[in-house]
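What follows is a set of notes on a single structure, which appears directly below.
The values are calculated or read from the model by the stated rules, or taken from the named source; none is laboratory data. All figures in this text were calculated on a predicted structure; none of them were measured in a lab. Note that we place each Cβ from the backbone using ideal geometry, even for glycine, and neighbour counts take in every protein chain shown. The area values use the complete protein model at the heavy-atom level, side chains included, leaving out ligands, DNA and RNA. Shrake-Rupley method; radii C 1.70, N 1.55, O 1.52, S 1.80 Å.
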There are 2 protein chains.
Amino acid sequence: MTSYIRPLDFRNGRVDLSHGSGGRAMAQLIDELFARHFANEILAEQADGACFALPAGAGRMVMATDSHVVSPLFFPGGDIGALSVHGTINDVAMMGARPLYLSASFILEEGFPLAELLRIVKSMAQAAREAGVAIVTGDTKVVEAGKGDGVFITTTGIGVMPEGVTLGAGRIAVGDRILVSGMLGDHGVAIMSHRENLTFETTIQSDTAALHGLVATMLAAAPELHALRDPTRGGLATVLNEFAKASGHGMLIHEKAIPVRSEVAAACELLGLDPLYVANEGKLVAFCAAPDADALLAAMRAHPLGRDAAIVGEVIADPHAFVQMQTAFGGRRMVDWLTGEQLPRIC
Amino acid sequence: MTSYIRPLDFRNGRVDLSHGSGGRAMAQLIDELFARHFANEILAEQADGACFALPAGAGRMVMATDSHVVSPLFFPGGDIGALSVHGTINDVAMMGARPLYLSASFILEEGFPLAELLRIVKSMAQAAREAGVAIVTGDTKVVEAGKGDGVFITTTGIGVMPEGVTLGAGRIAVGDRILVSGMLGDHGVAIMSHRENLTFETTIQSDTAALHGLVATMLAAAPELHALRDPTRGGLATVLNEFAKASGHGMLIHEKAIPVRSEVAAACELLGLDPLYVANEGKLVAFCAAPDADALLAAMRAHPLGRDAAIVGEVIADPHAFVQMQTAFGGRRMVDWLTGEQLPRIC
């Protein structure tokens, strides 16, 4: 540690342009904030990047990245810090891989309170620790006041593919069952309620969570697990349309089977939102061969993050690769791509 | 490919919030812009992340990340696109690793012209192609007008460490020679001259370039190469102070030996800058054992990106781990850490 004239003032201090300059102020921010809270052996090298040994037998790897621009930065059930860790871990996990390491890059706005930055960094550190994933390298840039919005965080994750696992749209077949891991719409509705100052009897909390443990359980339970995706921006409807497009098959879901909290459904009505299109940050959609579906569902329900899992539909032959929903009243309607912007800056 | 109502208007169109929504507009931007120009087999999977086989015999990997917020986005000799590819490749290369793959995450400001985004993406694609590195996964977010500044790009790179290579501050020893790979200060002065509308007889160009080829040459030529770093933000002075701090040794450089173009020196005088602190984007600083220095220098000079390489100093015993410079007039002065912000948003 270099001795700085005085320690950073995490109570009243603010980010200034010198924190992105490459000089002494940036070194101090790295020492007293990032290196301290993300502490691990690889990061402690303070090199241009992270160097690590590959796990024995590793043959394939996965890399995924996400920028996080959620507004507000703090919301019921989470904050941009935890979200930026969970979001990228989940992208790695949806490929079937075991996440190992994360990078974290910060774009800070001049004037941003160091107290809020500290809170965010601590939240990231906790989320990473709980997930068993280390933040091993990073970067900090500062832009002038009015050229950013507090803090944007880009995380990139890498993970190792277990031998024999291959998930993807190409494996989805007619007859496959479609499962979701729990209640839909919590994250998006938590953010929107907070933005709109809506209050309900109970506060709706974001579901932000790291799903790699659940995925490992699912891989063990269902050899014929075919594809996974987390329904973030654009929600379940978007994931189904993406997989319909990529697989060339139709999808049919059943409205009655889709798990949505009553408060979330009520808030969606008030806000003019459709829960099928609302973002989740701790849920996944799974496709598996029909004979495996019950075992998969049971395994998911036995996991704390899959307690409310449900089979919500099936893959059908359809040359148009449309997504349709059997409504609660027995009719069928199209579930199209989201057009326009439903919820800006939700993640 | 989904058929969209009409193709994106890359002549007159602008980014809007729907391009970050997760819906049809975002899918179209990915199809018609990113997937098209970054085209490769891994990206074509359009999954949550990239999955790839590890090269045979890979035992250690490197991961590095950088956010790019350079202003202006286009400058003499480069643009934010090429810079975002080169910057991260160089961070991977400075560890001694061979870069393999990049992720690219975009934070776009609502209203940003699609024509400029196309130009940037084409520049990234070309830089990646020339470097032999594939952009295999990415993300796009959009923030409201006034909450960003055109485009910010975060790239993360991964690479494979050759067997037996270990570089780092821990290997730096008293007596080591300090080399730079070429003329210093070009990038920072190109940006600042452009911002200040300064004109010189010849336009000073950014030196932005990918250095992994030069690094491979250097590793082959000098078994006792001890450490590498690219002098970006904060320039040569900052790299020397970082390595002095981390190694616990002093550094002595010789002003006469430091290669700086006369136009750059003149511009620095006009702008009140010290070339020792000005950012480079296609240069490196190397430490090697004295007996290897001449062979290393010769190998660097034989490479197109090391033609103006020079030995600029040596590592000395100093319990204070100071960086000093023997001036052109024979005296010695301290080369301290950069304090304050010399050049905001230089990369």
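The mean number of partner chain beta-carbon atoms within 10 angstrom of a residue's beta-carbon across peptide A:104-110 is 4. Helix content alone sets the calculated 222 nm mean residue ellipticity of chain B: runs of n ≥ 4 DSSP H residues at -39500 (n - 2.57) each, divided across all residues, give -8000 deg cm²/dmol. Summed over both chains, the area buried between A and B is near 6000 Å², taken from the accessible surface of protein heavy atoms with a 1.4 Å probe. At the residue level, B:D318 shows approximately 20 square angstrom of accessible surface with a 1.4 angstrom probe and all protein chains present.
Around the amide H of B:I316, modelled in the peptide plane, lie the amide H atoms of B:G175, B:G250, B:M251, B:L252, all under 5 Å away and 5 or more residues distant in sequence or on another chain.
The order of A:H303, B:H320 by accessible area, most exposed first and with a 1.4 Å probe, is B:H320, A:H303. Taking amide H atoms as placed 1.01 Å from N in the peptide plane, the amide H of B:T137 lies under 5 Å from those of B:A104, each 5 or more residues away in sequence or on another chain.
How far, in degrees from 0 to 90, does helix A:114-131 lean away from the longest principal axis of the Cα atoms of chain A, to the nearest 10? Here the helix axis deviates by roughly 50 degrees.
Residues of segment A:52-94 buried by at least 50 Å² of accessible area upon assembly of all protein chains, compared with the chain on its own (1.4 Å probe): A:F52, A:L54, A:M61, A:M63, A:T65, A:S67. The accessible area of A:H212, taken with all protein chains in place and a 1.4 Å probe, comes to roughly 40 Å². Using the Cβ-Cβ distance between B:A295 and B:H254 with R0 set to 30 Å, the FRET efficiency works out to roughly 0.90. Evaluated at q = 0.10 Å⁻¹, the base-10 log of the normalised Debye intensity for chain A, with identical point scatterers placed on the Cα atoms, takes the values -0.63. Residues whose amide H comes within less than 5 Å of that of A:G78, counting only those at least five positions distant or on another chain, are A:S206 (H built at 1.01 Å from N in the peptide plane).
Give me the net charge for the shell around A:V285: Cβ to Cβ below 12 angstrom, other residues only, Lys and Arg +1, Asp and Glu -1.
-1
The accessible area of A:T156, taken with all protein chains in place and a 1.4 Å probe, comes to roughly 0 Å². Computed over neighbours whose Cβ is under 12 Å from that of A:R14, the net charge equals -4, Lys and Arg +1, Asp and Glu -1. I'd like the FRET efficiency for B:D318 and B:Q126, computed as 1/(1 + (r/R0)^6) with the beta carbon distance as r and R0 of 45 Å, rounded to 0.05. E between B:D318 and B:Q126, to the nearest 0.05, is 0.50. Other residues lying with their Cβ under 14 Å from the Cβ of B:V136 contribute a combined charge of -3, Lys and Arg counting +1, Asp and Glu -1. Residue pairs exceeding 31 angstrom between C-alpha atoms, taken from A:K141/A:K245; A:K147/B:K256; A:K245/B:K122; A:K147/B:K122; A:K283/B:K147: A:K141/A:K245; A:K147/B:K256. Could you work out what % of the accessible surface of the protein assembly as shown is carbon and sulfur, using a 1.4 angstrom probe and leaving DNA, RNA and ligands out of the count? Looking at the protein assembly as shown in its full context, I get 51 percent from C and S. Here is the tail figure for segment B:302-347: Cα pairs spaced more than 15 Å apart come to 68 percent of all pairs.
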